[in-house]
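The values are calculated or read from the model by the stated rules, or taken from the named source; none is laboratory data. Note that the coordinates shown come from a computational prediction; the quantities given were computed from them, not determined experimentally. In this analysis, Cβ positions are derived from the backbone assuming ideal geometry, glycine residues included, and neighbour counts consider all displayed protein chains. All accessible areas refer to the heavy atoms of the entire protein, side chains included, with ligands and DNA or RNA removed. Shrake-Rupley method; radii C 1.70, N 1.55, O 1.52, S 1.80 Å.
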Amino acid sequence: MFEAAELGRTLDKDVFKKELPDLRADLLQIQQELLGCDFPVLVLISGVDGAGKGEMVNQLHEWMDPRHLETTAFDIPTDEEKERPHFWRYWRALPPKGKIGIHFSSWYSDPISSRVKGEMTDNDLEASLSRINTLEKMLVDDGVLLIKLWLHLSKKHYKDRIKSLAADPKTAWRVSQKNLDNIKVYDTFRQVAETTLQQTSTGQAPWIIVEGYDANYRSLTVGRLLRDMIRKRMDIDPKVLISPAINWSSQSSDKTTLLDYVDLKKSLEKKEYNEQLVEHQAHLNELARKAHKNKVSVVMALEGWDAGGKGGMIRRIIHPLDARHYRVIPVAAPTDEEKARHYLWRFWRHLQRAGHMTIFDRTWYGRVLVERVEGYARDDEWIRAYQEINEFEEELTEHGIVLLKYWLHIDKEEQLARFKAREQISYKQHKITDEDYRNRERWDDYALAVADMVERTSTLHAPWYIIEGNDKKWARVRALQILCERLEKAL
């Protein structure tokens, strides 16, 4: 597939100088118009060493408004990045709506390099590319305009480029031993690259191969591509991009869900509660210290009814922990910064380093709960979110993270009693709002959403635990017990 990019194309210098001013003006105008658009642009620049990737990035920053253009160059993962799931560093660098982001050495660099070095098999490469396709579909489905550019050189031109750079004292610093070694493995690299591009060039995110032999040809070609692709996307009616959704929800005529079969009579006497609480907290302290030493991370996802007891449960969990090794993330309505990116972005960015515990008070499941029920997300958005969430959680657990998902369940009568109690206690009155009472009116809708959530996202690697919560004492001890059991198994 690279033959057409190995022809040695050139562009006359006078033609380049004549067309460049208009192209730069067009790109600046595009940027201004993009600021008012509801989608971001993400440009991946990959390809052969010496094909001008770095020069191309520099030129784009020279031609365009740097206030609305941000480049992230990915090198060998740092210790901080190694201690988190593989895609963490890429998620953090996603551009917001209205802006252009450039990923230099993107998520393709590692699998291609590893396969060329023989550090992964063909099957490993295929699995890695499958995960990349899933990520890119997730981004494109959310509205990202993903432009993937492969800057290419033939083997001969690559050799000539490296030797030319090495011979000039002004550019010799750019040639590393790795560049010289790559000449020897060029054929293998080309084969792996071709496989990679074939398997990841999709209708939603196709690869565009640009010949990098001549700087003028390469630069003008890339500039035109960006201008034309962004303009084309601006001219498309957003409704055309929305995939039709089929509401497959498992609602039954009598509105019965799995929550109706939860035994809410389970309880503990105060004496038994105090004994078990101390026992489990002491055990958790021991396990948490061992987990930190062994760099085993924990992510807890807490969901449940309003007044379900999440706050009290969190306080009992963190009581025996070292405050340096955990973080509680209270999740409210997304900020403007968060709304400007994929809904999972704000959860990726909060993942802690290895050996730490991250507790989410409300989670990414808001997409299929409150956003679904209240209509904040379109049907196609919350329906595809189940698959996106499963993919997200699989990446966490594959990295070795212990993931626990709790649904704190109470009945309507207990919830109302807790609402009334909060209204009578001065330091709890802030917890009760008109919205809490309004949500009660949609109890059946939320129960259906919870049932679908559990059915479609309770997996072997990330099961749901439904905690019987009418008795707070039982719920707290049960949550601690599950956490200890999972940590013991992981350690």
Q) Can you spot a residue in region 79-98 that is of a type in the set (A, V, I, L, M) and open to solvent by less than 40 Å² (accessible area, probe 1.4 Å)? A) yes
Q) Looking only at residues in region 165-196 that are in contact (Cβ under 8 Å) with a residue 60 or more places away in the chain and of a type in the set (A, V, I, L, M, F, W, C), which one is nearest to G52 (Cα to Cα)? A) L165
(Q) Among the residues in region 30-49, are any at pLDDT 95 or above, part of a helix (DSSP H, G or I) and of a type in the set (F, W, Y)? (A) no
Q: Within region 254-279, count every residue that is open to solvent by less than 80 Å² (accessible area, probe 1.4 Å), in contact with a helix residue (DSSP H, G or I) (Cβ under 8 Å, 6 or more places away or on another chain) and not in a loop (DSSP other than H, G, I, E, B).
A: 5
Q. Within the bounds of region 179-187, is there any residue that is more than 28 Å from the chain's Cα centre (by Cα), modelled with pLDDT of 95 or more and open to solvent by less than 30 Å² (accessible area, probe 1.4 Å)?
A. no
Q.
I need a count of the residues in region 147-178 that are surrounded by fewer than 18 Cβ atoms within 10 Å (Cβ to Cβ) and either within 30 Å of E394 (Cβ to Cβ) or hydrophobic (A, V, I, L, M, F, W, C) (or both).
A. 5
Q. In region 305-331, which residues are open to solvent by less than 50 Å² (accessible area, probe 1.4 Å), touching a strand residue (DSSP E or B) at 6+ places or on another chain (Cβ under 8 Å) and over 27 Å from A449 (Cβ atoms)?
A. I318, L321, H325
**Q.** Selected residue (criterion: farthest from D79 (Cα to Cα)) from residues of region 292-304 that are buried (at least 22 other Cβ atoms within 10 Å of the Cβ) and in contact with a Leu (Cβ under 6 Å, 6 or more places away or on another chain)
**A.** M300
**Q.** Residue in region 363-383 that is more than 22 Å from D444 (Cα to Cα), at pLDDT 95 or above, outside any helix (DSSP H, G or I) and not β-branched (V, I, T) present
**A.** no
Q: Within region 452-486, track down each residue that is within 27 Å of the chain's Cα centre (by Cα) and open to solvent by 10 Å² or more (accessible area, probe 1.4 Å).
A: V454, E455, R456, S458, T459, L460, H461, P463, W464, Y465, I466, R486
Q) Within region 319-333, restricting attention to residues that are in a strand (DSSP E or B) and of a type in the set (A, V, I, L, M), which residue is farthest from H356 (Cα to Cα)? A) I329
Q: Evaluate region 67-77: report whether one residue or more is surrounded by 15 or more Cβ atoms within 10 Å (Cβ to Cβ), in contact (Cβ under 8 Å) with a residue 24 or more places away in the chain and under 14 Å from the mean Cα position of the chain (by Cα).
A: no
Q | Every residue from region 392-421 that is basic (K, R) and either under 25 Å from V299 (Cα atoms) or surrounded by 18 or more Cβ atoms within 10 Å (Cβ to Cβ) (or both) | A | K405, R418
